[in-house]
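These notes concern the structure reproduced below.
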Amino acid sequence: MKRLFSFGLAAAAFFIAVSAYAQTWTVISLDTIGCYGSGTGFTVNFSGVSVGTWYFDTTVDAAGERYMDEYFIDNNDNLRDWHLYDANDRGLQTQNFPLPAGTPITVTLTLRDATETPVYRTVVELSQCDGGAITGNVSGAMVAVSGTVAFNPVVAGGTPPDLTLTCAPPQAVIAGATPGAWMGMEGASCTLGTTGGTPPTGYSFDGVTFDPSPVVNRATGAFIMPAGGIAGLSATVALKLRAASATAVPALETAGLGLLAVLLGLTVAVRRRA
């Protein structure tokens, strides 16, 4: 389906003036709502994209299915009508319109630079398509985030757990191409965690602390995504020596006593022969 745009230049100029970021793509209002294609429409604002190459994508998700996957290039700063409909530009669509009635819907608008790296994102939550309303509307610059995991004490062997990052809403974080790297939305509430891993031989995991403090809560890993991102996130996994097996010692003692008995028996036999 081809989009039809309408906009007001004076209003667009106002939003450009008050924007805190160089390039933004935001939802101003919900104008119509419906479950069928083009039944739900917003007023959106494009700002700071008149120079350079900029990519945009719109995704619509409900009940674990993707109903819209739109991807395009644009260079116009303005307000527009923005409707939701069937699109599968990158092959990510898993279901066709209509949207399921009585089900929460997530609309995600992502602005990308000339390298297609996300630079700004808006996430809108709708209560449902049949007479629903906006229940969430958050926007922010997407910034680089990365971190590492280490053992304490440093011991050879084993595999440190992977570092995890979750944010609210979930669309406020995008996994990077390598473990421990993400793009996150400035101002989002996020939490670090760990998953998997194998302790070195003879050790077990004994808790995790997160840094850097005070940016990150050392005990819970909770933090607010800082402006400009952060590259020094870390998790330290404490190691402790495993206690000796309770059954191993008696077994060794029994074996040792048996050997001693054999040796004593041999000694007595030799003496008698002598």
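Conditions (1) farther than 15 Å from Leu109 by Cβ; (2) among the small types (Gly, Ala, Ser); (3) at pLDDT 95 or above, marked per residue:
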site	(1), (2), (3)
Lys2	yes, no, no
Ser6	yes, yes, no
Ala10	yes, yes, no
Val44	no, no, yes
Phe56	no, no, yes
Gly91	yes, yes, yes
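Can you tell me which of (1) farther than 22 Å from Thr53 by Cα; (2) among the small types (Gly, Ala, Ser); (3) open to solvent by 40 Å² or more (accessible area, probe 1.4 Å); (4) in contact with a Phe, Trp or Tyr (Cβ under 8 Å, 6 or more places away or on another chain) is the one Ala101 doesn't meet?
Of (1) farther than 22 Å from Thr53 by Cα; (2) among the small types (Gly, Ala, Ser); (3) open to solvent by 40 Å² or more (accessible area, probe 1.4 Å); (4) in contact with a Phe, Trp or Tyr (Cβ under 8 Å, 6 or more places away or on another chain), only one is false for Ala101: (4).
For Cys129, indicate whether it is in contact with a Pro (Cβ under 8 Å, 6 or more places away or on another chain) and in contact (Cβ under 8 Å) with a residue 12 or more places away in the chain.
yes
Please determine, by comparing only the residues of region 12-42 that are modelled with pLDDT of 95 or more and either farther than 30 Å from Thr103 by Cβ or charged (D, E, K, R) (or both), which one is most open to solvent (accessible area, probe 1.4 Å).
Once the filter is applied, the top-ranked residue is Asp31.
Does Asn88 fit the bill of being open to solvent by 60 Å² or more (accessible area, probe 1.4 Å) and more than 24 Å from the chain's Cα centre (by Cα)?
Considered against the rule, which asks whether it is open to solvent by 60 Å² or more (accessible area, probe 1.4 Å) and more than 24 Å from the chain's Cα centre (by Cα), Asn88 comes out as no.
Please give the number of the condition Ala156 fails out of (1) small (Gly, Ala, Ser); (2) touching a strand residue (DSSP E or B) at 6+ places or on another chain (Cβ under 9 Å); (3) in contact (Cβ under 8 Å) with a residue 40 or more places away in the chain.
Only one criterion in (1) small (Gly, Ala, Ser); (2) touching a strand residue (DSSP E or B) at 6+ places or on another chain (Cβ under 9 Å); (3) in contact (Cβ under 8 Å) with a residue 40 or more places away in the chain is unmet by Ala156, namely (2).
Go through Thr110, Thr103, Thr122 for me and flag whichever is part of a loop (DSSP other than H, G, I, E, B) and either out of contact with any helix residue (DSSP H, G or I) (no Cβ under 7 Å at 6 or more places or on another chain) or farther than 16 Å from Glu70 by Cβ (or both).
The match here is Thr103.
Mind checking which residues of region 78-133 are of a type in the set (Ser, Thr, Tyr), touching a Cys at 6+ places or on another chain (Cβ under 8 Å) and closer than 20 Å to Phe56 by Cα?
Within region 78-133, no residue meets the criteria.
Just to be sure I understand, how many residues within region 132-153 are free of Cβ contacts under 8 Å to residues at least 40 places away in the same chain and open to solvent by 40 Å² or more (accessible area, probe 1.4 Å)?
Residues in region 132-153 being free of Cβ contacts under 8 Å to residues at least 40 places away in the same chain and open to solvent by 40 Å² or more (accessible area, probe 1.4 Å): 1 in total.
Assess whether Val49 counts as being touching a strand residue (DSSP E or B) at 6+ places or on another chain (Cβ under 9 Å) and either farther than 22 Å from Gly140 by Cβ or in a strand (DSSP E or B) (or both).
Spelling it out, it is not the case that Val49 is touching a strand residue (DSSP E or B) at 6+ places or on another chain (Cβ under 9 Å) and either farther than 22 Å from Gly140 by Cβ or in a strand (DSSP E or B) (or both).
Scan region 156-173 for residues that are of a type outside the set (Gly, Ala, Ser) and open to solvent by less than 40 Å² (accessible area, probe 1.4 Å) and jot them down.
If the condition is that a residue be of a type outside the set (Gly, Ala, Ser) and open to solvent by less than 40 Å² (accessible area, probe 1.4 Å), then Pro161, Leu163, Leu165, Cys167, Pro169, Val173 are the ones that fit.
Filter region 174-205 down to the residues that are surrounded by 14 or more Cβ atoms within 10 Å (Cβ to Cβ) and on the phi > 0 side of the Ramachandran plot, then identify the one that is farthest from the chain's Cα centre (by Cα).
Ranking the qualifying residues of region 174-205, first place goes to Gly197.
Please find, among Ala114, Ala87, the residue that is in contact with a Gly (Cβ under 7 Å, 6 or more places away or on another chain), touching a residue at least 60 places away in the same chain (Cβ under 8 Å) and among the small types (Gly, Ala, Ser).
Checking each option against the conditions leaves just Ala114.
The values are calculated or read from the model by the stated rules, or taken from the named source; none is laboratory data. All values reported here derive from a predicted model rather than from experimental measurement. Note: ideal-geometry Cβ built from the backbone for every residue, glycine included; neighbour counts use all protein chains shown. Each accessible area value is taken on the protein alone, full model and side chains, heavy atoms only, with ligands, DNA and RNA left out. Shrake-Rupley method; radii C 1.70, N 1.55, O 1.52, S 1.80 Å.
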